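What follows is one structure encoded as structure tokens, with my remarks underneath.
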Amino acid sequence: MSVLVTGAAGFIGFHVSKALLKKGYRVVGIDNLNPYYDPDLKRARLDILKKFQGFVFHALDISEFEPLMEVSAANKVEVICNLAAQAGVRYSLVDPFSYGKSNLIGFLNILEVARRLSVQNLVYASSSSVYGKNTQLPYSVEQRVDNPVSIYAATKRSNELMAFSYHHLYKIPCIGLRYFTVYGPWGRPDMALFLFVDAILKGQPIKVYNYGNMKRDFTYIDDIVAGTISAIERPMEFEIFNLGNSNCVNLMDFIRIIEEELGMEAKKEFLPLQPGDVVETKADIQRSKELLDFEPKTDLRTGIRKFLDWYKSYYNVPGA
């Protein structure tokens, strides 16, 4: 079976592609390798994927419909896993147009490809950020999500609505996955774990927003991959699932574990809550357990340790 994985050079896209290839799928990877963060990290991920016989890569942007359609049709794509997006809550305040291009126009193009090729399944990345100003925890997919507090969140909620329209009109099987604070080896440099480790090892201060009064549902990449592949292998009419660890961790405890594992104390710069941020997230994953057999297995300390092992190796940290 040929699976189109968009954002294949990205953090989650890389790990999902690798897992699919190991299971014997043929993976058609697409990525525009944009400079939002270091493209060399994306190329290094691709170098690993290119070692698999079943991997084909095309450098293109999903916001450009014709080449996207051409590649998908030529490779007889049967399933689409859309993980391409302009990521980042805070950056959406800096360059909102890039979010419209990738997350709205790009996703519309994905839906059109799915319609024209009559794909067997469309799985796409949504985000825990769609819960916005909701205060009832844990977040449940049954809650209304019409109060996003960032442009990024608004585009992800729009994806869910657009997917429902295409399912309703054209009977495309669609599964949306609301990812909760994903971390692990090969992670994004703009995410907290990467930023903190990088700064601590360089002797630089880390930025602690809302004066440390934040909680996150940190979810290890292997657990996210397992849930995503389960969704790929189980077509459904239209569903949305939370993929999270369902365990709220205080930001200061998160920092403490990093310090303990590094054997170094972080210099901390305490700052107010940033526009677009939420104070706390936690996933209700009961429905994900029932329909996807989703069961997070990696505790936070183990996950951080695995990230540190990768980081020290990749960046050749002295004494690692």
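The values are calculated or read from the model by the stated rules, or taken from the named source; none is laboratory data. Quick caveat, the model's predicted, so the values are computed rather than measured. Virtual Cβ from ideal backbone geometry, glycine too; neighbours counted across all protein chains shown.
Below, the figures for the structure above:
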quantity	calculated
Pairs where the first residue, in segment 96-114, is surrounded by 23 or more Cβ atoms within 10 Å (Cβ to Cβ) and the second is among the basic types (Lys, Arg) and assigned to a helix (DSSP H, G or I), C-beta under 9 Å, 6+ apart	ASN103/LYS156
Residue match in segment 290-301 (condition: more than 20 Å from LYS215 (Cα to Cα), among the aliphatic types (A, V, I, L, M) and out of contact with any helix residue (DSSP H, G or I) (no Cβ under 7 Å at 6 or more places or on another chain))	yes
Output for segment 183-199, where each listed residue is surrounded by 20 or more Cβ atoms within 10 Å (Cβ to Cβ) and out of contact with any Gly (no Cβ under 9 Å at 6 or more places or on another chain)	TRP186, GLY187, ALA192, PHE196, VAL197
Total residues in segment 71-117, condition aliphatic (A, V, I, L, M), over 25 Å from ARG26 (Cβ atoms) and either at pLDDT 95 or above or assigned to a helix (DSSP H, G or I) (or both)	4
ASP222, sole failed condition from (1) assigned to a loop (DSSP other than H, G, I, E, B); (2) surrounded by fewer than 19 Cβ atoms within 10 Å (Cβ to Cβ); (3) touching a Gly at 6+ places or on another chain (Cβ under 9 Å)	(1)
Single condition PRO275 does not satisfy, out of (1) within 26 Å of THR135 (Cα to Cα); (2) touching a strand residue (DSSP E or B) at 6+ places or on another chain (Cβ under 9 Å); (3) surrounded by fewer than 14 Cβ atoms within 10 Å (Cβ to Cβ)	(2)
Criterion (surrounded by fewer than 17 Cβ atoms within 10 Å (Cβ to Cβ) and touching a residue at least 60 places away in the same chain (Cβ under 8 Å)) met by exactly one of GLN136, GLN120, GLN143	GLN120
Flag for GLY276 being of a type outside the set (Ser, Thr, Tyr), in a loop (DSSP other than H, G, I, E, B), at pLDDT 95 or above and at positive phi	no
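Residue-wise test of (1) aliphatic (A, V, I, L, M); (2) within 30 Å of MET236 (Cα to Cα); (3) touching a residue at least 24 places away in the same chain (Cβ under 8 Å).
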position: PRO272; (1), (2), (3): no, no, yes
position: PRO275; (1), (2), (3): no, no, yes
position: GLU290; (1), (2), (3): no, yes, no
position: PHE294; (1), (2), (3): no, yes, yes
position: LYS306; (1), (2), (3): no, no, yes
position: TYR311; (1), (2), (3): no, no, yes
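Let's see how each residue does on (1) modelled with pLDDT of 95 or more; (2) closer than 20 Å to ILE229 by Cα; (3) β-branched (Val, Ile, Thr); (4) touching a Cys at 6+ places or on another chain (Cβ under 6 Å):
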{"position": "TYR139", "(1), (2), (3), (4)": "yes, no, no, no"}
{"position": "VAL149", "(1), (2), (3), (4)": "no, no, yes, no"}
{"position": "PHE164", "(1), (2), (3), (4)": "yes, no, no, no"}
{"position": "PRO173", "(1), (2), (3), (4)": "yes, yes, no, no"}
{"position": "LEU177", "(1), (2), (3), (4)": "yes, yes, no, no"}
{"position": "VAL182", "(1), (2), (3), (4)": "yes, yes, yes, no"}
{"position": "TRP186", "(1), (2), (3), (4)": "yes, yes, no, no"}
{"position": "PRO189", "(1), (2), (3), (4)": "yes, no, no, no"}
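Residues checked against (1) acidic (Asp, Glu); (2) in a helix (DSSP H, G or I); (3) more than 19 Å from ILE229 (Cα to Cα); (4) touching a Cys at 6+ places or on another chain (Cβ under 9 Å):
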| position | (1), (2), (3), (4) |
| --- | --- |
| LEU4 | no, no, no, yes |
| ALA9 | no, no, no, no |
| HIS15 | no, yes, no, no |
| LYS18 | no, yes, no, no |
| PRO35 | no, no, yes, no |
| SER63 | no, no, yes, no |
